[in-house]
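The values are calculated or read from the model by the stated rules, or taken from the named source; none is laboratory data. Because the structure is a prediction, the values reported are computed rather than measured.
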Amino acid sequence: MKIYTKTGDKGKTSLLGGTRVSKSDERINTYGTVDELNSFLGLVSDLDSDLGRKTFIQAIQSRLFTIGSSLAAETESAKDFKPDLEENDILALEQSIDEMNELLPEMRNFIIPGGHQLVSTTHIARTICRRAERLVIKLSETEEIEEIIIRYLNRLSDYLFVLARKQGNDLKIKEIPWKPKG
C-alpha cells in the first residue's frame, strides 16, 4: 500500500463513507486535532518512565483512534459506526485521577505549566485535548456526535492536568503557583 495517493493534491479528502470534502472542513479539523492529541500522548508516553502510566496512555491512544474514526464517518454512516467508548472508559479516567490526587498536595493556586520536559509536554497534550473538546462541541451543533465523546475528552483533559502534577511530584519538581500581578 502506498502512503501517497495524490487524491488530496487539490485540497480535498474523503470521509468514511466516500464523500469528498475540503481539507479545511470543520469535521476534518476536529478529527485532525484528536490525531494531534494522540501524537502528543505518544510523546508523553515516550518521556514517562512509569510503565503503568505508559500502558494506560496507550489505552487512551486507542480510544482516541476510535473517536477519530467516529468523527470521520459521514452522518449517515455514523449511525452505524458507534464508537467503542463505554462508561467504563470514563470511569477508568476518573479512578486514575482520584488515585493520583490522593498522593498529591492540595492545590491552592493555579499552576504555571513547566519545570520539566515531561510535565510541559503533558500540559501541551492537555491544552490540545481542550481544543479537541471545543471543536467536537462545535461540530455537535450541526452534526450528530455521540455525547460520550465529549464527556470522554472532558475527563481526559482533567486526567492530563492531574497527570502533569503527578509527574512533577514524582520528579520532585516544585510547582510554580500563579500569582496575579499587583
Practice item. Inspect all residues belonging to segment 10-22 and state whether any of them is within 20 Å of the chain's Cα centre (by Cα), more than 14 Å from ILE149 (Cα to Cα) and of a type in the set (Ser, Thr, Tyr). Key: no
Practice item. May I ask you to say which residue of LEU156, LEU104, LEU118 is under 22 Å from THR30 (Cα atoms) and at pLDDT 95 or above? Key: LEU156
Exercise for review: Among the residues of segment 155-182, write down those that are part of a helix (DSSP H, G or I) and either among the hydroxyl-bearing types (Ser, Thr, Tyr) or over 21 Å from THR127 (Cα atoms) (or both).
Suggested key: SER157, TYR159, ASP170
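The rows are residues; the columns are (1) of a type in the set (Val, Ile, Thr); (2) at pLDDT below 95.
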site: ILE149; (1), (2): yes, no
site: LEU160; (1), (2): no, no
site: GLN167; (1), (2): no, no
site: LYS172; (1), (2): no, no
site: ILE176; (1), (2): yes, yes
site: LYS181; (1), (2): no, yes
